[in-house]
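Inspection log for the structure reproduced underneath, given as structure tokens.
The values are calculated or read from the model by the stated rules, or taken from the named source; none is laboratory data. None of these values were measured; they are calculated from a predicted model. Glycine gets a Cβ as well: all are built from the backbone with ideal geometry, and neighbour counts include every protein chain shown.
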Amino acid sequence: MSRTSHHKARQYLTGYLFIAPWLIGFLVFTVWPFFQSIYLSFTRYNIVSPAKWVGVSNYRMLLTQDELFWKSAWVTIKFALFSVPLGIVAGVSLALLLNLNVKGITTFRTIFYLPSIVPTVATSVLFIWILNPTIGLVNRVLMLAGIQGPSWLNTAPWAFYSLVMMSLWGVGGSMIIYLAGLKDIPQHLYEAATIDGANAFRKMRHITLPMMTPVIFFNLVMGIIGTFQYFTQAYVIAPSGGPGDSTYFYSLYLYNRAWKYLDMGYASAMAWMLFLLIIVLTGLVFKTQKRWVHYGG
Amino acid sequence: MEAERSLDTGKLKVWLVWIAVLVITVVVFASGHSTPRKYPERKLVRFWHRWQGDWEKQVQKIVDAFNASQNEYEVVPVSVPSSGADAKFILGVIGGDPPDLMSMFSGGVPNLAANGFLTPLDTLMTPAEKDAFINKSYPSIRDIGMYKGRPYGITIGADLTALYVNVKQLREAGLDPDKFPMTLEELEEWGMKLNKYDAQGHLTRLGFLLSDVGYLSHYFGGGFYVHEDGSLELNTPQNVRALKTIVDYRKRIGFENVLRFQAGLNDIEGAASWAFMHGDLSITYDGQWRVEELRKFKPDLEYRVIPIPPPKEGGTPLGGLVGGNYMIIPVSAKQKQGAWEFLKFWSGLDNPDRAAKFYNMGGWLPYSPAVANSPTFQKWLKGDQQFQAFIDILGSPNCKAPPPIANLQFLNDLITRAEDEATRGAQSPEDALKELETKFKEERDKRRALGYDE
């Protein structure tokens, strides 16, 4: 072995040794459970006893006999349909506002970003109070305008839409990414547009939004993945998925199957159905990107 | 010179960062890891429970009493938050590091027993202890910890429900507390008289409200049961009647009105903020632990505790459904014998009179008439006479345990869902219970197809 290749091998070894803690963690805590759960989804498994092979029974029951599976899947899809586009519109709008050159803009940016770092459980409890029908802030404000607000979290369909509204609370996280995207748009494009006589709306329509599409695409994909795994807020606010199953999200049902009913095999099958759904949807979004995502600038 | 100074400042910053990292590391890793031991030479018994606040203090007193009573074991209690406590327990068992003893909500006991998480307690009992538990417990309390004829859980804090009545508000409304309704129908009328509304018609005080069909059905001669032979008592005329009564009464007050009123109550369970204490509820049904809370936090409130009166036709008095905290010993516990000794000490299986004071401390129901009739318990009852109503219910043949089936949690969820659907008007009571039974059968068929026993 030449001296150079020996040196290179040592370099590789050193490199792998440095990343070994992460690599081992990834293999043990992610890759192994990932493949193990495929096997478990074909078994009856309660954690303490050995798993018993049941073939495709879990999948067959999920698809043909479990009404709650379809119900919770629909609640989750509906939530994604509302909250993802809403989050994008709110995030982009907020980023545009916080991209203005006004005094104290850094303070505003901090203020709008802060909610996204508040722990989810704390946010959920906060919203339980804000949306209280009698003493909550929202209904108190509505009362000033002479409107009697609904029982937000206790009646269908308001409970569902309250959670959609709540999802905007954390929009500061994506706003920062949009803001970075805005800062990345070359100034000369705007200068050229100004010389061509374009007004603010045209600049937005033909420069800002097209140049932002890679960032919007990224947030769309992450948003879809995130909303399909929506759990904590629903678990804190309506652990039984009520009223009337209107907030029975897929992950909540999966959790109950696994930890409440100790049906780990069935829950694993549910997890794989969710994974496949996310893969399909993400794939579809990727397929459309050629039509609307513009790279360059 | 300037450059040297900035270099020094730079070094200082680096040092400060290192010191901060060190301090944080020490704080994070050093705190909370050592188990506080008073008697390190003794065998450790790790006890997880879900009590917090004032109750946690009472638990600590009981633990201290046990630790002072013998020289072999040291019980170390840990309060685990209720939400996720079951999942933590399961993870502890499969991780090989469970507590030796845990206080768990009764609904989860059969499922954990069926899945092999729990130690059958008869393997730790002497013949005399087994006899005391099987033959001398209150039947409903005993049965809730049983699965397939074997004991897996013993209560130290069973719960029952009865009416709490605000005497002053009754008198103000022209109602005589000494002539309390003998039927549910009369009670409903009293409730309507006690309601108070503001100018917009919103409730400001709730006279009485019916809820919890799982519990109330026992006053109609019903109850939600799955028998060992597989027969079901779910969609029965008695249960339909109970649910219909709940729905009809809610309609009279106004579902939305009740919802708004209840949501506005600053009513945190276990704290001194119970709505009844502050006069927002005139008659309400709640658990026996409230007696002790009222004694502590509102000793001047004139109130009475009365069992729910049965309906006029076909009613069964002194009905009830036991639930609450049950002690379990995980199958992989390291110190089973120590856990059992502590469980015996607390429950009073070996010495009812000694244990009586523990039940009194938290306002808990005793597991057996031997404890209830002990001098210490009787002395306490004289001071807290309202508690007697719960002892009366406990001794009644109409006081039952939920069915000991593995998918009890699933059944409970179905009952809650059916009541929710019916009270919201989304389904009629008849349809809600019909659907409940259908869904339960479907789930049972599904479980059987997967190879479960039931």
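Given (1) touching a residue at least 40 places away in the same chain (Cβ under 8 Å); (2) surrounded by 19 or more Cβ atoms within 10 Å (Cβ to Cβ), identify the lone condition not met by residue A:38.
(2)
Going through the stretch A:216-237 one residue at a time, which ones are β-branched (Val, Ile, Thr) and under 25 Å from residue B:83 (Cβ atoms)?
A:227, A:232, A:236, A:237 - these are the residues of the stretch A:216-237 that are β-branched (Val, Ile, Thr) and under 25 Å from residue B:83 (Cβ atoms).
Please go through the stretch B:331-375 and pick out each residue that is among the basic types (Lys, Arg) and either in a helix (DSSP H, G or I) or in contact with a Cys (Cβ under 9 Å, 6 or more places away or on another chain) (or both). I'd like the intermediate steps shown before the answer.
Here is the first cut: in the stretch B:331-375, the residues among the basic types (Lys, Arg) are B:334, B:336, B:344, B:354, B:357.
Passing the criteria: B:336, B:344, B:354, B:357.
Output the number of the condition that residue A:181 fails; it satisfies all remaining conditions of (1) over 24 Å from residue A:217 (Cβ atoms); (2) crowded, with 19+ Cβ neighbours inside 10 Å.
For residue A:181, the failing item is (1).
Report yes if residue B:114 is among the small types (Gly, Ala, Ser), in contact (Cβ under 8 Å) with a residue 60 or more places away in the chain and within 14 Å of chain A (Cβ to nearest Cβ), otherwise no.
yes
Mind checking whether some residue in the stretch B:59-68 is of a type in the set (S, T, N, Q) and modelled with pLDDT under 90?
no
For residue B:344, state whether it is surrounded by 20 or more Cβ atoms within 10 Å (Cβ to Cβ) and closer than 23 Å to residue B:75 by Cα.
When the stated conditions are applied, residue B:344 passes them.
Name the helices (runs of 4 or more DSSP H) wholly inside the stretch B:210-290 in which the number of residues that are of a type in the set (Asp, Glu) and assigned by TED's automatic domain parsing to the domain that holds residue B:175 is 1 or more.
Working: elements: B:213-216, B:237-253, B:255-264.
Once the helices (runs of 4 or more DSSP H) in the stretch B:210-290 are filtered for at least 1 residues that are of a type in the set (Asp, Glu) and assigned by TED's automatic domain parsing to the domain that holds residue B:175, what remains is B:237-253, B:255-264.
I need the full set of residues from the stretch A:125-148 which are facing chain B (nearest Cβ under 10 Å) and outside any helix (DSSP H, G or I), in order please.
If the condition is that a residue be facing chain B (nearest Cβ under 10 Å) and outside any helix (DSSP H, G or I), then A:131, A:132, A:133, A:134, A:135, A:136, A:148 are the ones that fit.
So which residues in the stretch B:388-411 are more than 14 Å from every other protein chain (Cβ to nearest Cβ), buried (at least 21 other Cβ atoms within 10 Å of the Cβ) and not in a loop (DSSP other than H, G, I, E, B), if there are any at all?
Within the stretch B:388-411, B:389, B:390, B:393, B:394, B:399 qualify.
Among the listed residues B:161, B:183, B:204, which satisfies the condition of being surrounded by 14 or more Cβ atoms within 10 Å (Cβ to Cβ) and either modelled with pLDDT under 95 or touching a helix residue (DSSP H, G or I) at 6+ places or on another chain (Cβ under 8 Å) (or both)?
B:161
If you go through the stretch A:81-94 one residue at a time, do you hit one that is part of a helix (DSSP H, G or I) and within 14 Å of chain B (Cβ to nearest Cβ)?
No, there is no match, as no residue in the stretch A:81-94 is part of a helix (DSSP H, G or I) and within 14 Å of chain B (Cβ to nearest Cβ).
For every residue, the table says whether it meets (1) at pLDDT 95 or above; (2) within 11 Å of chain A (Cβ to nearest Cβ).
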{"residue": "B:413", "(1), (2)": "no, yes"}
{"residue": "B:421", "(1), (2)": "no, yes"}
{"residue": "B:431", "(1), (2)": "yes, no"}
{"residue": "B:437", "(1), (2)": "yes, no"}
{"residue": "B:449", "(1), (2)": "no, yes"}
{"residue": "B:453", "(1), (2)": "no, no"}
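Show the residue pairs that are 6+ apart or on different chains and have beta-carbon atoms under 8 Å apart, the first residue being within the stretch B:246-261 and within 14 Å of another protein chain (Cβ to nearest Cβ), the second being surrounded by fewer than 16 Cβ atoms within 10 Å (Cβ to Cβ) and small (Gly, Ala, Ser).
Going by the 8 Å Cβ cut-off, the qualifying pairs are B:255/B:425; B:257/B:201.
Working carefully through the options A:238, A:258, A:234, find the one that is of a type in the set (A, V, I, L, M), within 17 Å of residue A:87 (Cβ to Cβ) and within 14 Å of chain B (Cβ to nearest Cβ).
So the residue among A:238, A:258, A:234 that is of a type in the set (A, V, I, L, M), within 17 Å of residue A:87 (Cβ to Cβ) and within 14 Å of chain B (Cβ to nearest Cβ) is A:234.
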